[in-house]
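The values are calculated or read from the model by the stated rules, or taken from the named source; none is laboratory data. Source: prediction; values computed, not measured. Note that each Cβ is placed from the backbone with ideal geometry, even for glycine, and that neighbours are counted across all protein chains shown.
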């Protein structure tokens, strides 16, 4: 999706789990993005060894949604690692994003609504300003299932709470906004 929004952007994906990194590499190849995107198989807590400070214009983070020992455990190791914190917690992902983004850059996260208070607190502790928040709902009548947040370092801002994003209409079809 990001590759199609900005056709001149180079993309770097960070994935800790080897099977998921291999899947990401296959997806890059399948989508013809080999010349613009790479996958770096690394743990988020080691990124300071891999990249200099303030490397990226945009950092998009999709960290594990659940704390270790909470929620259902998947029998597939890669899927479970993607869903549950193991080597790094939400604070580590926020710290890594702050380290990697340029002073004029932006950081985007997606996370469970139940973790919003923790997320806001950790962002404030990291001296990151939350610029925008948006709740994601499965349909018009469901409670939020995720939230998206846009952050920046070195800027003061009152967060803008965007209108909700509805994934499906009441007939079960994807909404026009999701298709865009």
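Evaluation of residue 74 against the conditions (1) at pLDDT 95 or above; (2) surrounded by fewer than 17 Cβ atoms within 10 Å (Cβ to Cβ) shows that the sole unmet condition is (1). For segment 94-109, state whether one or more residues are more than 21 Å from residue 47 (Cα to Cα) and not assigned by TED's automatic domain parsing to the domain that holds residue 20. Among the residues of segment 94-109, not one is more than 21 Å from residue 47 (Cα to Cα) and not assigned by TED's automatic domain parsing to the domain that holds residue 20, which makes the answer no.
Quick check, is residue 58 closer than 20 Å to residue 148 by Cβ and modelled with pLDDT of 90 or more? Lay out the reasoning, then the answer.
Working: closer than 20 Å to residue 148 by Cβ: yes; modelled with pLDDT of 90 or more: yes.
In short, yes.
Would you say residue 109 is under 30 Å from residue 50 (Cβ atoms) and assigned to a helix (DSSP H, G or I)?
Numbers: under 30 Å from residue 50 (Cβ atoms): yes; assigned to a helix (DSSP H, G or I): no.
No: the conditions fail for residue 109.
Beta carbons closer than 6 Å, at least 6 apart along the sequence or on distinct chains, pair a first residue in segment 57-69 that is closer than 15 Å to residue 44 by Cβ and in the same structural domain as residue 122 (by TED's automatic domain parsing) with a second that is part of a loop (DSSP other than H, G, I, E, B) and at pLDDT 65 or above for 65/112. Within segment 115-132, is there a residue that is assigned to a strand (DSSP E or B), farther than 17 Å from residue 105 by Cβ, assigned by TED's automatic domain parsing to the domain that holds residue 97 and touching a helix residue (DSSP H, G or I) at 6+ places or on another chain (Cβ under 7 Å)? No, segment 115-132 has no match at all.
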